Amino acid sequence: MMIGVMLGEAWHAMGANRMRTFLTMLGMVIGVGAVILMMAIGQGVQYSVNQSIASMGSNLFLVVSGSTTSGGVRMGGGAAPTLTLSDAEAIAELPNIAAAAPVASGTAQVINGPNNWSTGISGVTPDYLEVANWELADGYWMADSDVRSATRVAVLGNTVAQNLFGDENPVGKTIRIKQSPFIVIGVLAPKGQALDGRDQDDTVLVPVRTAQRQLLGQQFQNAVRHIMVQAVSAEAMPQAERDMNDLLRQRHRIRAGADDDFTVRNMTAMANTAAETAKLMSLLLGAIASISLVVGGVGIMNIMLVSVTERTREIGIRMAIGARKRDILTQFLLEAISISIAGCTIGVALGVGGALLVNHLTQTPIVITFASIALGFAVATAVGVFFGYYPAHQAARLRPIEALRYQ
Amino acid sequence: MQAAPLIRISHLKKQYETDAGPVPVLHDVSLDIQEGEFVAIMGPSGSGKSTFMNILGCLDIPTGGRYELQGHDVGQMDSDELARLRNHVIGFVFQGFNLLPRANLETNVALPLLYARIGKSERLERARNLLTQTGLGKYAESLPNQISGGQQQRVAIARALAGKPRLILADEPTGNLDSHTSQEIMDIFTRLNAEDGITIVLVTHEPDIAQYAKRLVRFVDGHIVHDGGVHEAAA
C-alpha cells in the first residue's frame with residue numbers, strides 16, 4: 001500500500017522537472033543500451049564460433065606431416081610429405097581411436113560445360129564423412145571400392161555445386177577436373193564458415209587414391225597431407241595422442257631424442273580455446289559497456305542529492321506529521337529506482353534496436369537473450385538502489401527541526 | 001490524587017552550539033500542562049518560545065532537563081517512537097501553513113494517515129470529512145496555491161487533526177492572516193478545545209489572539225516570567 005502511494009509520489013516528483021529527469025535517465029539509457037548492444041554482438045560472435053565448432057566434428061586430432069630437419073633447415077608443418085595411407089590405417093587400429101581419415105589435398109579447376117570454378121580438391125576415404133562431420137544433401141557417398149579402384153567419382157560441396165550447376169541437380173552429371181571426367185555421385189549439405197573464416201563448402205571430395213594418382217601428381221606415392229583422427233571419447237584423447245605419437249615415431253623410425261617428423265594437433269582443444277576467446281571477448285564488451293552504466297548511476301546519485309537539498313523543507317513537513325526515517329528513505333530510494341528502471345526500459349529498446357540495425361547493416365550475427373535483458377534490468381535496479389541509497393539516507397537522517405527551518 | 005499531566009517539563013535547558021561558543025536559549029524551564037488546557041505562549045523575539053514549542057512537538061531535543069508526554073520520558077525514545085508521537089498524539093499548525101505545494105488538499109490532509117499505515121479508502125474518506133468540517137469540501141482536488149491563506153491554514157488544521165491528536169501545537173498560526181481570518185481560525189481552536197477536549201498550546205505575539213486562551217505563559221530571555229491568567233498579561 002505504502003509502496004504504491006510512494007511510487008505515485010515518485011512519478012509526480014519526476015514529472016515536476018521533466019528536463020532534469022530526462023537528462024538523468026539518459027545516462028541509464030545509454031548505459032543499458034550499450035550493455036544490451038555489446039552483449040548481443042559478443043554473444044553473436046560466440047554463437048558463430050560455436051556453430052563452426054559444432055560443424056567440425058568431436059574429439060578430433062589433426063595429424064600433419066612436418067617438423068623435419070633437413071640439412072639443418074627445420075621445416076614447418078605439412079612441408080614434407082611424410083604421412084602415408086598406411087600410417088592412417090595403422091592409427092585406425094589403435095585402441096582409443098574411432099576412425100582415421102587421411103586427406104590428400106590440392107587445388108584444381110573444375111569444369112561443367114561453360115562454367116568453371118577453382119577449388120580445393122580433397123582425396124579422402126569413406127570414413128572422412130563421419131570424422132569431418134559432413135552430411136549428404138543429395139546422392140550417395142563413396143565406398144571402399146571407389147578408393148581401392150581409384151574410380152573417378154566426386155562429391156561436391158554446396159558452394160561448388162552452386163557455382164557449376166546453379167539450380168540444376170548435379171548428381172549423375174559429369175564434370176571435368178584437370179581434363180579427366182568425373183561423375184558427381186553426391187552433394188554435401190552446407191556447413192558454413194570454419195573457425196578461420198574459410199568457406200568449408202568450397203570443396204570437392206574424391207577417393208584418395210584417385211586424387212593421388214590422377215590429380216595431385218605427388219612426388220611420393222601414398223603420401224597424404226594430413227590425417228583427421230577421431231578418438232572414441234573426450235576422456236580418451238590424451239591417451240590416444242600418446243599412442244599416436246609412439247606409433248608414428250616407431251613407423252617413421254625416429255630415434256629417441258630426435259625430432260618428430262609430424263605434428264599432432266588437438267583440434268578439440270583448439271576449438272575450446274577459440275570458444276574461450278569468444279567468451280572472453282563477449283565478457284570484455286559487456287564489462288566496458290557496464291562502465292557507462294556506472295556513470296549513469298553516478299548521474300542519478302548527483303540529481304538525487306540536488307533533489308534532497310531542494311526538498312529539505314518538504315522532508316521536514318513530512319517528519320513533523322509523523323513520517324519515520326524509513327518512510328523518507330523509501331520515498332527517495334523509490335524515486336531513484338524509478339528513474340533507473342524507466343531509463344533501463346528505454347535503454348533496452350534502444351539496445352535491441354541498435355543490435356538489429358548492426359545485424360542488418362553488417363551481417364554480423366547477433367544474439368539477444370532474455371537473460372541479457374533481465375540482467376540489464378537487474379543491474380539497473382541495483383544501480384538505482386546503490387546510487388539512490390546515499391541521497392535517500394542523507395534525506396532520512398535530517399533532524400526534523402533543521403529540515404523545517406531550511407529555506 | 002491528581003492524574004498525571006499531559007505535559008510535564010522539568011528543568012529544561014536548551015543551548016545552540018555556534019562557532020562563537022554555546023548560546024543558551026532556555027534556562028531551567030519547568031512547566032506542567034494538564035489535559036484539556038488552552039495555553040498561549042507569548043514573549044519577544046529570541047525569548048525562546050519557538051524553541052520551547054519545537055521541543056514540545058518532539059521536533060527538537062533539549063540539551064538538559066526532562067520532558068514527559070502522557071507520563072513517558074520523551075528523552076528515552078528513539079526516532080521511530082518520536083515519529084509515532086508526532087503522528088498520533090501531536091498535531092502541528094505552522095505560521096507558514098507548510099502544506100505540500102504539489103499535492104492537492106485531500107492528499108495533504110490524508111498524509112499523516114499514510115504514515116499511520118491506514119488504507120487508501122479510509123484515508124481519503126477521513127480527509128474529505130475533515131475538509132468538509134472546515135468548510136473546504138469542494139476544494140478537495142485543488143492545490144494549496146489555488147486557495148487563500150486563511151483557507152490554507154484551515155487545511156493545515158484539518159491535517160493536524162487527521163491523526164486524532166490529544167495535543168495541538170500552533171506556532172503563530174495567525175501570523176500571516178488578517179484579523180478577520182485570524183478570528184475564524186481562533187474560533188476553530190476554541191471549539192476544538194471546548195467540544196473535543198483537545199489540549200491546545202499556541203505561540204503568538206498578538207495580545208488579541210492570546211485572549212482566546214485560558215492560560216498565559218510569558219517567556220523573556222529563556223525564562224518563564226509569567227504563568228497564569230490571560231487578563232494579567234496586559235500588566
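The values are calculated or read from the model by the stated rules, or taken from the named source; none is laboratory data. All values derive from a computational prediction rather than experimental measurement. Every residue, glycine as well, gets a Cβ built from its backbone with ideal geometry; the counts of neighbours run over all protein chains shown.
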All positions within the range A:214-233 that are surrounded by fewer than 16 Cβ atoms within 10 Å (Cβ to Cβ) and either at pLDDT below 85 or not assigned by TED's automatic domain parsing to the domain that holds A:Ala92 (or both): A:Gly217, A:Gln219, A:Phe220, A:Gln221
Condition check for A:Gln331: part of a helix (DSSP H, G or I), within 14 Å of another protein chain (Cβ to nearest Cβ) and either in contact with a strand residue (DSSP E or B) (Cβ under 6 Å, 6 or more places away or on another chain) or of a type in the set (S, T, N, Q) (or both): yes
In the range B:88-109, the residues that are surrounded by fewer than 21 Cβ atoms within 10 Å (Cβ to Cβ) and in a strand (DSSP E or B): none
Failed criterion for A:Ala403 (all others in (1) under 27 Å from B:Pro101 (Cβ atoms); (2) away from chain B (no Cβ under 14 Å); (3) small (Gly, Ala, Ser) hold): (2)
Candidates A:Gly351, A:Gly322, A:Gly316, filtered to the one that is more than 23 Å from B:Val109 (Cβ to Cβ) and either buried (at least 21 other Cβ atoms within 10 Å of the Cβ) or not assigned by TED's automatic domain parsing to the domain that holds A:Gly33 (or both): A:Gly351
Count - residues of the range A:77-133 that are closer than 25 Å to A:Ala240 by Cα and aromatic (Phe, Trp, Tyr): 1
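Which one of these is farther than 21 Å from A:Gly322 by Cα and hydrophobic (A, V, I, L, M, F, W, C): B:Val74, B:Val29?
On the way: B:Val74 fails: farther than 21 Å from A:Gly322 by Cα.
Just one listed residue meets the conditions, B:Val29.
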Among the residues listed as A:Gly351, A:Gly296, the single one being away from chain B (no Cβ under 14 Å) and modelled with pLDDT of 90 or more: A:Gly351
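What strands (runs of 3 or more DSSP E) completely inside the range A:169-264 contain at least 1 residues that are basic (Lys, Arg)?
On the way: elements: A:174-177, A:180-188, A:203-207, A:226-231.
Strands (runs of 3 or more DSSP E) meeting the threshold: A:174-177.
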Test set (1) surrounded by fewer than 22 Cβ atoms within 10 Å (Cβ to Cβ); (2) within 10 Å of chain A (Cβ to nearest Cβ); (3) part of a helix (DSSP H, G or I) - B:Ile118 fails condition number: (3)
A:Leu357 vs. criteria in a helix (DSSP H, G or I), free of Cβ contacts under 8 Å to residues at least 60 places away in the same chain and either more than 14 Å from every other protein chain (Cβ to nearest Cβ) or among the acidic types (Asp, Glu) (or both): yes
Any pair with Cβ under 6 angstrom, 6 or more apart, that starts in the range A:302-313 at a residue that is within 14 Å of another protein chain (Cβ to nearest Cβ) and ends at one that is in a helix (DSSP H, G or I): A:Thr312/A:Ala403
Number of positions in the range B:39-87 that are within 12 Å of chain A (Cβ to nearest Cβ), surrounded by fewer than 15 Cβ atoms within 10 Å (Cβ to Cβ) and touching a residue at least 60 places away in the same chain (Cβ under 8 Å): 0
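Is it true that some residue in the range B:144-167 is in a helix (DSSP H, G or I), more than 21 Å from B:Arg102 (Cβ to Cβ) and within 12 Å of chain A (Cβ to nearest Cβ)?
Within the range B:144-167, the subset in a helix (DSSP H, G or I) is B:144-146, B:149-162.
Now restrict to residues that are more than 21 Å from B:Arg102 (Cβ to Cβ): B:150, B:161.
Those left that are additionally within 12 Å of chain A (Cβ to nearest Cβ): B:161.
Checking the range B:144-167: at least one residue is in a helix (DSSP H, G or I), more than 21 Å from B:Arg102 (Cβ to Cβ) and within 12 Å of chain A (Cβ to nearest Cβ).
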Filter result (more than 7 Å from chain A (Cβ to nearest Cβ) and over 17 Å from B:Ile168 (Cα atoms)) within the range B:88-105: B:Pro101, B:Ala103, B:Asn104, B:Leu105
